[in-house]
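A quick write-up on the structure given underneath.
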Amino acid sequence: MLHFPVLLEEAIGFLIANKNGTFADCTFGRGGHSKLILKNISDKGRLTAFDKDPDAVSYANNFIKDKRFNIIYKSFNEIDESFPSNSLDGILFDLGTCSTHFDDKTRGFSFRDDGPLDMRFDFNKGNPVSKWINNASEKEIADVLFKYGQEKNSKSIARAICLSRSKNKIDTTSKLAEIILSVTPRKKSKIHPATKSFQALRIYVNDELNELEEALEKAKKIIKVDGIIVTISFHSLEDSIVKKSFQTKVKSFPREIPINSIITKEFECIAKKIRPSIDEISANKRSRSAIMRVFKRLP
């Protein structure tokens, strides 16, 4: 199973402004970005990676033997437990999933191959999608599909799920995909009707958006002045959180106070909405939705 890191050269080109610096790869995956970071930093440089997927941590420990590198089995929203304020020169967030998640049918991320309906990044914690989807109310299911997948047919899909589970438990990816197809027939679009629903359930069961919000706020405190934060998002919900987190803050005061507002700018966006090249998309179709933004901490 191969994993193709997205916007690899572009991300590392921005990230490493100081070859002697200390860096964090917040989403190790299969180490594509980490490996290139190690190639581009000096002997004095250091890299710490984070991942809450035990398979990713095992891969890193087995295949990266470098004294400048270590990996921590934690979600990136716990980054502040490993680094004090103003201590990192660069932080990379390559969001979403690793290609190996989709390629391994036993993880339950893909509707293209039948497997257990799981979708947890950390299969040692929490509950799989199957447990939730067989117990949640119709409204809860519809709300999750609409909020995290922007699925227009969320209500009809939720209704079909509840009807189906009353007869047989929904415990595999193929069963769920078939239910979705039964109420949202495949059109000429290249996008499978189950795509948005599977995305929504994955985001929900892993609490991805809340963890991202927390991680970005902590990253902004940990990064040094002139340090770089690179984010690679794969859908509008992630990208919206990134933009909101780094937007210029305006503090307002009552009208009777002469100064009506103070503009606080802690970060400069030095690169925004960078997308993969046509060649990269041709080689890796999963990269087509990627958006990279780069932020530099100001003095």
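Observations
- Hey, Ile170 part of a loop (DSSP other than H, G, I, E, B), among the hydrophobic types (A, V, I, L, M, F, W, C) and surrounded by 16 or more Cβ atoms within 10 Å (Cβ to Cβ) or not: yes
- Subset of region 35-62 that is among the β-branched types (Val, Ile, Thr) and free of Cβ contacts under 8 Å to residues at least 40 places away in the same chain - its residue that is surrounded by the fewest Cβ atoms within 10 Å (Cβ to Cβ): Val57
- Elements of type strands (runs of 3 or more DSSP E) in region 44-117, at least 3 residues being among the β-branched types (Val, Ile, Thr), within 19 Å of the chain's Cα centre (by Cα) and over 15 Å from Cys26 (Cα atoms): none
- Out of Ile133, Ile157, Ile161, one residue alone is closer than 29 Å to Ser240 by Cβ, without any contact (Cβ under 8 Å) to a residue 40 or more places away in the chain and in contact with a Leu (Cβ under 8 Å, 6 or more places away or on another chain). It is Ile161.
- Flag for Arg202 being touching a helix residue (DSSP H, G or I) at 6+ places or on another chain (Cβ under 8 Å), closer than 17 Å to Thr97 by Cα and assigned to a loop (DSSP other than H, G, I, E, B): no
- Residue in region 156-172 that is under 23 Å from the mean Cα position of the chain (by Cα) and modelled with pLDDT of 95 or more present: no
- Count of residues meeting criterion [buried (at least 17 other Cβ atoms within 10 Å of the Cβ) and in contact with a Lys or Arg (Cβ under 9 Å, 6 or more places away or on another chain)] in region 142-152: 6
- Flag for Val144 being in contact with a Pro (Cβ under 8 Å, 6 or more places away or on another chain), outside any loop (DSSP other than H, G, I, E, B), more than 24 Å from Thr100 (Cα to Cα) and touching a residue at least 12 places away in the same chain (Cβ under 8 Å): no
The values are calculated or read from the model by the stated rules, or taken from the named source; none is laboratory data. Treat the numbers as computed from the prediction; the structure is a model and nothing was measured. Don't worry about glycine lacking a Cβ; one is built from the backbone with ideal geometry, like all the others, and counts go over all protein chains shown.
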